1. Can you confirm whether G27 is surrounded by 11 or more Cβ atoms within 10 Å (Cβ to Cβ) and among the small types (G, A, S)?
2. What are the residue pairs meeting all of these: first residue in the stretch 85-108, first residue closer than 15 Å to D137 by Cα and aromatic (F, W, Y), second residue part of a strand (DSSP E or B) and modelled with pLDDT of 90 or more, Cβ atoms under 6 Å, and 6 or more apart or on different chains?
3. Within the group R161, R171, which residue is touching a residue at least 40 places away in the same chain (Cβ under 8 Å), among the charged types (D, E, K, R) and over 24 Å from K33 (Cβ atoms)?
4. Can you confirm whether L36 is under 20 Å from R144 (Cα atoms), modelled with pLDDT of 90 or more and touching a helix residue (DSSP H, G or I) at 6+ places or on another chain (Cβ under 9 Å)?
5. Go through the stretch 112-135 and count every residue that is more than 19 Å from G90 (Cα to Cα) and in contact with a strand residue (DSSP E or B) (Cβ under 6 Å, 6 or more places away or on another chain).
6. Would you check if N80 is open to solvent by 50 Å² or more (accessible area, probe 1.4 Å), free of Cβ contacts under 8 Å to residues at least 24 places away in the same chain and closer than 24 Å to G45 by Cβ?
7. Quick test for you: out of R75, R32, pick the one residue that is over 29 Å from A159 (Cβ atoms) and open to solvent by 20 Å² or more (accessible area, probe 1.4 Å).
8. Restricting the search to the stretch 172-191, which residues are of a type in the set (D, E, K, R) and out of contact with any strand residue (DSSP E or B) (no Cβ under 6 Å at 6 or more places or on another chain)?
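The values are calculated or read from the model by the stated rules, or taken from the named source; none is laboratory data. For clarity, every value in this text was computed on a predicted model and none was experimentally measured. Cβ placement follows ideal geometry from the backbone for every residue including glycine, while neighbour counts extend to all protein chains displayed. Remember, those area values only see protein heavy atoms, side chains included, never the ligands or the DNA or RNA. Shrake-Rupley method; radii C 1.70, N 1.55, O 1.52, S 1.80 Å.
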Amino acid sequence: MNEDDEARRHRLKMEKRKAVQDAEVAGKTIARKGLLMVHTGAGKGKSTAAFGLALRALGHGWKVGVVQFGKGQWRTGERNMLEKLGQEFGQVSWHTLGEGFTWETQDCARDEAAARRAWDKARELMDDPEVRLLVLDELNISLRYEHLPLDEVLDALTARRDDLNVVVTGRNAKPELIAAADLVTEMTLVKHHFAAGVKAQEGIEF
């Protein structure tokens, strides 16, 4: 087969693929919908992906809300940057309301109180008509340990405004939340440098 034949074969193949792609796109009739998205799984990158989405939304002029449920008051790169954007442009409302991991607090009542404060702030942001993307970071952990009533959370998320997009992160997402979501991504752990003795690093893990 000469170069002209290869080029013609490739063009015909791409024409068929474009026809299939165009037909699939044409079949989508909903122009805009606020989505409930879940990032879960044992792999690294759930919150990282959510904050990447937040940056994308900011690039389109959206107002973004972030509520962190379990990571405590430690400073992270994404928090530093997004809070700075919030101060400069007023587009970010960031709230870190957790008190750390459950094995650090070792106090169930304290964890439940922190989760309730975070959830109350989340509800407040859900009611703000200017917020178009809300990141509920590590909410899955609060639900896993029953720091919040699952039914209450699901009712609020499913009754959210039509134009509000919500991202929930954390391992072990509840099956009921997965069923209610529009998009679910599971991060699969294949290999992690932590297993080889590498500590959490600034700029990579936080």
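1. On the way: surrounded by 11 or more Cβ atoms within 10 Å (Cβ to Cβ): no; among the small types (G, A, S): yes.
So G27 does not fit the description; no.
2. Once the first residue is closer than 15 Å to D137 by Cα and aromatic (F, W, Y) and sits in the stretch 85-108, its partners that are part of a strand (DSSP E or B) and modelled with pLDDT of 90 or more give W94/V66.
3. On the way: R161 fails: over 24 Å from K33 (Cβ atoms).
Going through R161, R171 in turn, the sole match is R171.
4. Values: under 20 Å from R144 (Cα atoms): yes; modelled with pLDDT of 90 or more: yes; touching a helix residue (DSSP H, G or I) at 6+ places or on another chain (Cβ under 9 Å): yes.
Yes: the conditions hold for L36.
5. Here is the first cut: in the stretch 112-135, the ones more than 19 Å from G90 (Cα to Cα) are 112-120, 123.
Filter once more, keeping what is in contact with a strand residue (DSSP E or B) (Cβ under 6 Å, 6 or more places away or on another chain): 118.
The number of residues fulfilling the criteria is 1.
6. Working: open to solvent by 50 Å² or more (accessible area, probe 1.4 Å): yes; free of Cβ contacts under 8 Å to residues at least 24 places away in the same chain: yes; closer than 24 Å to G45 by Cβ: yes.
Yes.
7. Working: R32 fails: over 29 Å from A159 (Cβ atoms).
Answer to the selection: R75.
8. Of all residues in the stretch 172-191, those of a type in the set (D, E, K, R) come to 174, 176, 182, 186, 191.
Listed by number, the residues that qualify are K174, E176, K191.
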